[in-house]
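Enquirer: Once you've had a glance at the structure underneath, I'll fire off some questions.
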Amino acid sequence: MAARIIRRESAPAYFPPLHDGVDARRLQGHEAGPTGRFWLGESYYHPGGAAQSSPTAEETVYYVLDGELTLTVEDGTTETLGSGDSVHLPRGTVRSLENRTGAGARLLVVIARPTPGGRP
């Protein structure tokens, strides 16, 4: 079979830098197996969990599966993202993400793979 299935319960954990109170699993790419143009992860933000302010390494998309997360970008803009909301972050966007609620939040993360030889 050409399709590669990763069951959520067996997806490998990974530990993104500058994240506290966040459990992350790689669903496709890196530890979960090769992908060409992107990798896919799921992050569970415990109450108070956060990704500290830092630039995105590559083009990134967040999709909130459950719960509520507060996104702050480099110009100081703050937005609350709820279940079903998504956000696109160009490469290099300085952002932070925080769960300011008393309930957990699940986030689907899609990040582009680096382009061989750099960006045009």
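Enquirer: Please work out which one of (1) modelled with pLDDT under 95; (2) more than 20 Å from Glu9 (Cα to Cα); (3) among the small types (Gly, Ala, Ser) is the condition Ala32 fails and give its number.
Expert: Checking Ala32 against (1) modelled with pLDDT under 95; (2) more than 20 Å from Glu9 (Cα to Cα); (3) among the small types (Gly, Ala, Ser), the one that fails is (2).
Enquirer: I'd like the full set of residues that are in contact with a Phe, Trp or Tyr (Cβ under 8 Å, 6 or more places away or on another chain) and either within 18 Å of Tyr45 (Cα to Cα) or surrounded by 17 or more Cβ atoms within 10 Å (Cβ to Cβ) (or both), limited to the stretch 99-120. If you could, list the steps in order and put the result at the bottom.
Expert: Here is the first cut: in the stretch 99-120, the residues in contact with a Phe, Trp or Tyr (Cβ under 8 Å, 6 or more places away or on another chain) are 99, 104-113.
Asn99, Gly104, Ala105, Arg106, Leu107, Leu108, Val109, Val110, Ile111, listed by residue number.
Enquirer: Let me ask something else about it. Out of (1) in contact (Cβ under 8 Å) with a residue 12 or more places away in the chain; (2) more than 19 Å from Phe15 (Cβ to Cβ), what's the single condition that is false for Thr56?
Expert: (2)
Enquirer: Something else about it: With the condition kept exactly as written, say whether any residue in the stretch 99-111 is of a type in the set (Lys, Arg) and at pLDDT below 95.
Expert: No, there is no match, as no residue in the stretch 99-111 is of a type in the set (Lys, Arg) and at pLDDT below 95.
Enquirer: If I ask for residues that are within 19 Å of Gly104 (Cα to Cα) and over 16 Å from the mean Cα position of the chain (by Cα), which ones from the stretch 1-33 would you list?
Expert: Answer for the stretch 1-33, where residues must be within 19 Å of Gly104 (Cα to Cα) and over 16 Å from the mean Cα position of the chain (by Cα): just Glu9.
Enquirer: I've got another one for you. Kindly provide the set of residues from the stretch 75-92 that are in a loop (DSSP other than H, G, I, E, B) and out of contact with any Ser or Thr (no Cβ under 7 Å at 6 or more places or on another chain), ordered by number. Reasoning before the result, please.
Expert: Keep residues of the stretch 75-92 that are in a loop (DSSP other than H, G, I, E, B), which gives 75-77, 83-85, 90-92.
The answer is Asp75, Gly76, Thr77, Ser83, Gly84, Asp85, Pro90.
Enquirer: Still on this structure, please answer the following. Tell me which residues, restricted to the stretch 25-53, are closer than 18 Å to Thr70 by Cα and in contact (Cβ under 8 Å) with a residue 60 or more places away in the chain.
Expert: Selection gives Glu42, Ser43, Tyr44, Tyr45.
Enquirer: If you don't mind, there's one more thing I want to ask. Do we have any residue at all in the stretch 34-52 that's surrounded by 13 or more Cβ atoms within 10 Å (Cβ to Cβ), assigned to a loop (DSSP other than H, G, I, E, B) and within 15 Å of the chain's Cα centre (by Cα)?
Expert: No: zero hits.
Enquirer: Oh, and also: For the stretch 18-77, enumerate the residues that are within 24 Å of Gly102 (Cα to Cα) and in contact with a His (Cβ under 8 Å, 6 or more places away or on another chain).
Expert: Gly21, Val22, Asp23, Ser43, Gly49, Ala50, Ala51, Gln52 - these are the residues of the stretch 18-77 that are within 24 Å of Gly102 (Cα to Cα) and in contact with a His (Cβ under 8 Å, 6 or more places away or on another chain).
Enquirer: Let me spell it out: the conditions are (1) within 13 Å of the chain's Cα centre (by Cα); (2) buried (at least 16 other Cβ atoms within 10 Å of the Cβ), and Glu68 meets all of them except one. Which number is the exception?
Expert: Among (1) within 13 Å of the chain's Cα centre (by Cα); (2) buried (at least 16 other Cβ atoms within 10 Å of the Cβ), the lone unmet condition for Glu68 is (1).
The values are calculated or read from the model by the stated rules, or taken from the named source; none is laboratory data. The model shown is predicted, which means the values in this text are computed figures rather than measured ones. In this analysis, Cβ positions are derived from the backbone assuming ideal geometry, glycine residues included, and neighbour counts consider all displayed protein chains.
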